[in-house]
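**Student:** One structure, pasted below without further comment.
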Amino acid sequence: MSDTTLEIASAQVRGAQASTPIVRAFFDEPTFTVSYVVHDSRTLKAAIVDSVMDYDPAAGRLSHASADAIADYVGQRGLTVEWLLETHAHADHLSAAPYLQQKLGGRLAIGAEIVTVQRTFGKVFNAGTDFARDGSEFDRLFADGDRFRIGDLEATVLHVPGHTPADVAYVIGDAAFVGDTLFMPDYGTARADFPGGDARQLYRSIRRLLSLPADTRRFLCHDYKAPGRDHYEWQTTVGEERRNNVHVHDGVGENEFVAMRTARDATLSMPRLILPSIQVNMRGGHLPPSEDNGVRYLKIPLDAL
């Protein structure tokens, strides 16, 4: 992760007054996930970040009410979707990106280190030789520092591993979409105990994100309501995180954070939907292929995590 990349992102935010994106959030309470539609007010070009496909684990049924709400908003605003952006291969919900891509168009993108996740979980799920582990399920694999556009908006990709090897943040104008690296200041930070996760890497990635200008709008992928808070929140600023994040505010050192994160992660259960989510999301949101009876199956590996 280069200093030059961060300088580009910081300069982009400082000059963002002329290119401030319009951001609309969609909160999925069953998975505590926030998806976003980000668009340029002049060209009406848009990106969708971290969409959710509805999944009933008891019945094994898929539906698309959450994604349809996003599609309806895009249609009502007359937006043109150029990108479907994933911050990482989520462990708590199934991505609706292919469904939305079919309805709305756009290119599906994720960080280039998704291939590491594919190799790791391809083995966990015994996915076989028909599962490519080269990221080809996505239209674009972003490296650290890559830049792209959404209409007049400039966007920069920051590789921020630690929660998973493949996490990226998208800095779009004066807004940063940081996935699971950080939560609201009163809730703290992401876990780092999934395969390929690393608390020390996570700390360094978070400090990198906190080096952006203090007024950068910070959009989060989840909220679980911190103790004492009776409503959901998912937008804050870099400055607020630096002052008040309960896990990683200014003054918290790397070793202190790693000790806290390691101890806390040891008390956490696996996410309820990690097994269905990862085997779908490592495929870019596509479902496993049908078997010879025409039915698609999700595997539940025993004692693998």
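**Student:** Quick check on my filter: what residues within the range 241-287 are touching a Pro at 6+ places or on another chain (Cβ under 8 Å) and either of a type in the set (Lys, Arg) or not in a helix (DSSP H, G or I) (or both)?
**Tutor:** Within the range 241-287, Arg243, Asn245, Val246, His249, Arg272, Leu273, Gly284, Gly285, His286 qualify.
**Student:** Please find, within the range 193-229, the residue that is nearest to Leu158 (Cα to Cα) out of those that are among the hydroxyl-bearing types (Ser, Thr, Tyr) and buried (at least 23 other Cβ atoms within 10 Å of the Cβ).
**Tutor:** Ser205
Here is a yes/no grid of residues against (1) small (Gly, Ala, Ser); (2) assigned to a loop (DSSP other than H, G, I, E, B):
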{"residue": "Ala176", "(1), (2)": "yes, no"}
{"residue": "Gly179", "(1), (2)": "yes, yes"}
{"residue": "Asp186", "(1), (2)": "no, yes"}
{"residue": "Arg191", "(1), (2)": "no, yes"}
{"residue": "Gly197", "(1), (2)": "yes, yes"}
{"residue": "Tyr203", "(1), (2)": "no, no"}
{"residue": "Ile206", "(1), (2)": "no, no"}
{"residue": "Ser211", "(1), (2)": "yes, yes"}
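**Student:** Can you tell me how many residues in the range 242-271 are basic (Lys, Arg) and in contact with a helix residue (DSSP H, G or I) (Cβ under 6 Å, 6 or more places away or on another chain)?
**Tutor:** Selection size over the range 242-271: 1.
**Student:** How many residues does the range 52-76 contain that are surrounded by 14 or more Cβ atoms within 10 Å (Cβ to Cβ), in contact with a strand residue (DSSP E or B) (Cβ under 8 Å, 6 or more places away or on another chain) and charged (D, E, K, R)?
**Tutor:** 1
**Student:** Right, next: Among the residues in the range 287-295, are any surrounded by 13 or more Cβ atoms within 10 Å (Cβ to Cβ), under 15 Å from Phe125 (Cα atoms), at pLDDT below 95 and not hydroxyl-bearing (Ser, Thr, Tyr)? If you could, list the steps in order and put the result at the bottom.
**Tutor:** Pass one, the range 287-295, residues surrounded by 13 or more Cβ atoms within 10 Å (Cβ to Cβ): 287-288.
Now narrow it down to the ones that are under 15 Å from Phe125 (Cα atoms): 287-288.
Checking the rest, the ones that are also at pLDDT below 95 come to 287-288.
Okay, now just the ones that are also not hydroxyl-bearing (Ser, Thr, Tyr), so 287-288.
The answer is yes; a qualifying residue exists.
**Student:** In the range 161-187, how many residues are touching a residue at least 60 places away in the same chain (Cβ under 8 Å) and of a type outside the set (A, V, I, L, M)? Give the steps one after another, and end with the answer.
**Tutor:** Kept after step one, since they are touching a residue at least 60 places away in the same chain (Cβ under 8 Å), are these residues of the range 161-187: 163-164, 166-180, 182, 185-186.
If we keep only those that are of a type outside the set (A, V, I, L, M) as well, we get 163-164, 167, 170, 173-174, 177, 179-180, 185-186.
Of the residues in the range 161-187, 11 are touching a residue at least 60 places away in the same chain (Cβ under 8 Å) and of a type outside the set (A, V, I, L, M).
**Student:** Would it be correct to say that Arg77 is in contact with an Asp or Glu (Cβ under 8 Å, 6 or more places away or on another chain) and at pLDDT 95 or above?
**Tutor:** Considered against the rule, which asks whether it is in contact with an Asp or Glu (Cβ under 8 Å, 6 or more places away or on another chain) and at pLDDT 95 or above, Arg77 comes out as no.
**Student:** Given the structure, is Thr5 modelled with pLDDT of 95 or more, in contact with a strand residue (DSSP E or B) (Cβ under 9 Å, 6 or more places away or on another chain) and closer than 30 Å to Gln201 by Cβ?
**Tutor:** no
**Student:** Which count do you get for residues in the range 241-272 that are over 13 Å from Gly188 (Cβ atoms) and either surrounded by 15 or more Cβ atoms within 10 Å (Cβ to Cβ) or in contact with a strand residue (DSSP E or B) (Cβ under 6 Å, 6 or more places away or on another chain) (or both)?
**Tutor:** Residues in the range 241-272 being over 13 Å from Gly188 (Cβ atoms) and either surrounded by 15 or more Cβ atoms within 10 Å (Cβ to Cβ) or in contact with a strand residue (DSSP E or B) (Cβ under 6 Å, 6 or more places away or on another chain) (or both): 3 in total.
**Student:** Still on this structure: Could you list all residues from the range 213-240 that are within 19 Å of the chain's Cα centre (by Cα), within 20 Å of Thr5 (Cα to Cα) and assigned to a loop (DSSP other than H, G, I, E, B)?
**Tutor:** The one that is within 19 Å of the chain's Cα centre (by Cα), within 20 Å of Thr5 (Cα to Cα) and assigned to a loop (DSSP other than H, G, I, E, B): Thr216.
The values are calculated or read from the model by the stated rules, or taken from the named source; none is laboratory data. All of these numbers come straight from a predicted model, not from anything done at the bench. Don't worry about glycine lacking a Cβ; one is built from the backbone with ideal geometry, like all the others, and counts go over all protein chains shown.
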